[in-house]
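So the structure is just underneath, and the comments pick up after that.
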Amino acid sequence: MGKVIIGGAGLAGLACALQTTAAGIETVVLESAGHAGGRARSFYDTTLGTTIDNGNHLLLSGNWAALSFLADVGASDRLTGPARTTFPFCDVASGERWTVMPSQGLFPWWIFQPHARVAGTGVLDYISLVKLLLTQRGRAMRDAIRTDGALYERFWDPFIVAVLNTPTPDAAAELVTPVLRETFAKGASACRPLISREGLSHSFADPACAALGERGALIEFNQRISSVETTGDSVSQLKTAAGEWPLGAGDAAVMSMPAQVAGTLLPSITVPNAFSAIVNLHFRVDEPVTLLDDNHFMGLVNSTGQWLFRRGDIVSATISAADALAKLPADQIIERVWRDVATALELSSTKPAACQVIKERRATFLQTPAQVARRPGTKTAIGNLFLAGDWTDTGVPATIEGAIRSGYKAADAVIEHMG
């Protein structure tokens, strides 16, 4: 059996490598950075004096690919979440608080219970949930549901902006549909919220690299692919600044780097070309912070940010679709977001003990219908060249779950190619 060279050690590349090594394929991973994980990584921050994630990620128990990835590398216990499925929210403007509590089973009993549904909503408001369970290919959310009212403002908007990192009215409805089908539509057991217990690297990248090492895979860091050379209809060689990586007959290559990098290396491939920023703020808080059911997160309404996360004395705020905010200086962002954080958590401090602002200007591609149409498939016109990444056509949003699914799809294509 031949070998596969995977360009990129983000979660897509790692997921692909886990599957190819499991199939007995010689696997090499070339990563341009000095670490694995891509945009889902952790690092030690000297300002806060602790390890933080580059960005916050909320997973759901229905994310089968992410949970399969963790089980494969022996890290299933590295996620944590509440004992019961609850989604606490706070309206920062009014101070009102409520908790969404999906019921068990396929029938949504919770929408008939005022204490379990979104505050200020009635049963008929949830007809939009049924509409979104139907395929909405090519439609924006503004054409699929009402973009006003309590349910929209207090649930759909913060949820969809966070999942698609795109302003809700512009977001592609076809990417919301599979999320709902696989999570909320299946009841509480499929939508229990989960976050990394100690950090994204601890949960995903570190155990994956360890597992790949045990399986004999080679991971080379600081190896940025500078060109992809072809002979006939096959890739014959990958070049990096440090050397050349030839591919023989029967070998394969997987490009799992960001869309803009893959598009530059492979100009014949159509890729998304519009992107959206995410801004994350990590605050060290000296006051005690307690959330409902020890939930570790809270949704925010009428706030600059959409979600709060807590890990120890670090409280993190995530602002998706944050292109305008990312242009502001850090001190202005801190002042604006801290007001909302202090209100939501009922803190007395006028400023945080310490804060770190992280701007990911190209966190994901802009997930509008037009950009979704630009997502390429796994296979390319080059017979032994395949694509992976959350920007490829997985049918789901550009999230951790989407990245891992793309890696699995690429691995399947490599295995099929090698017969």
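The values are calculated or read from the model by the stated rules, or taken from the named source; none is laboratory data. Keep in mind the model is a prediction, meaning the values are calculated, not measured. Note that each Cβ is placed from the backbone with ideal geometry, even for glycine, and that neighbours are counted across all protein chains shown. Only protein heavy atoms, including side chains, enter the accessible area calculation; ligands, DNA and RNA are left aside. Shrake-Rupley method; radii C 1.70, N 1.55, O 1.52, S 1.80 Å.
Couple of notes before you dig in:
- The sum of -39500 (n - 2.57) across all DSSP H runs of n ≥ 4, divided by the residue count of the chain, sets its helix-only mean residue ellipticity at 222 nm to -7000 deg cm²/dmol.
- The mean of 1/r over all pairs of different alpha-carbon atoms in the stretch 360-412, once inverted, gives a Kirkwood hydrodynamic radius of 11.4 Å.
- ASP77-GLU346 FRET efficiency (beta carbon distance; Förster radius 56 Å; 0.05 resolution): 0.95
- With the highest mean first, a sort of the peptides 393-404, 377-388 on other beta-carbon atoms found within 10 angstrom per residue produces 393-404, 377-388.
- Extension gain for LEU134-MET1 works out to 43.6 nm (0.36 nm per residue, less the C-alpha to C-alpha distance).
- Within-15-Å neighbourhood charge of PRO178 [Cβ basis; K, R +1; D, E -1]: +3
- A convex hull fitted to the Cα coordinates of the stretch 170-212 yields 141 cubic angstrom per residue.
- Charge tally for LEU18 (other residues, Cβ to Cβ under 10 Å; Lys, Arg +1; Asp, Glu -1): 0.
- Whole-Å distance, taken between Cα centres, linking the stretch 380-397 and the stretch 289-361: 34
- Projecting label points 7 angstrom from Cα along Cα→Cβ for GLU244 and ARG97 puts them 6.5 nm apart.
- Kyte-Doolittle mean at least -0.5, axial Cα span of 24 Å or more - DSSP H helices of the chain: 400-417
- Once Rg and the Kirkwood radius are both taken over the C-alpha atoms of the stretch 185-236, their ratio Rg/Rh works out to 1.23.
- Debye intensity ratio in log₁₀ form over the Cα atoms of the stretch 187-331, taken at each q of 0.13 Å⁻¹: -0.93
- Violating pairs (Cα-Cα greater than 19 angstrom) within the set LYS327/LYS359; LYS239/LYS379; LYS359/LYS409; LYS3/LYS239; LYS131/LYS409: LYS239/LYS379; LYS359/LYS409; LYS131/LYS409
- Counting only DSSP beta bridges with both residues in the chain, the antiparallel share comes to about 70 percent.
- Inverting the pair-averaged 1/r between distinct Cα atoms of the stretch 260-317 gives 14.5 Å as its Kirkwood hydrodynamic radius.
- Spin-label model, SER68 to GLN113: label points 7 Å out along the Cα-to-beta-carbon direction sit 3.2 nm apart.
- Orientation-averaged projected area, Cα convex hull of the stretch 257-396 (nm²): 10.6
- The residues of the chain expose on average 40 square angstrom of accessible surface per residue, using a 1.4 Å probe on protein heavy atoms.
- Alpha carbon centroid spacing (whole Å) that separates the stretch 119-141 from the stretch 171-218: 25
- Area accessible to solvent at ARG215, 1.4 Å probe radius, in Å²: 90
- Segment ASP45-THR264, extension gain: residue separation times 0.36 nm, minus the distance between their alpha carbons: 75.6 nm
- Both radii were evaluated on the Cα set of the stretch 47-94; the Rg over Rh quotient, with Rh as the Kirkwood radius, amounts to 1.07.
- Around ALA65: net Lys/Arg minus Asp/Glu count, Cβ-Cβ under 9 Å: 0
- Per atom type, the chain shows carbon and sulfur on 51% of its accessible surface, probed at 1.4 Å.
- LYS239 contributes an accessible area of around 60 Å² to the protein surface, as traced by a 1.4 Å probe with all chains present.
- Computed log₁₀ I(q)/I(0) - Debye formula, equal Cα scatterers, no solvent, the stretch 107-183, q 0.11, 0.16, 0.26, 0.28 Å⁻¹: -0.26, -0.55, -1.36, -1.48
- Distance cut-off 29 Å, percentage of C-alpha pairs in the chain lying past it: 45
- Backbone N within the stretch 1-32 under 15 Å of label point (7 Å from GLU220 Cα along the Cβ vector): 3-9, 27-32
- Mean separation of Cα contacts under 8 Å (6+ apart) over length of the chain, as relative contact order %: 25
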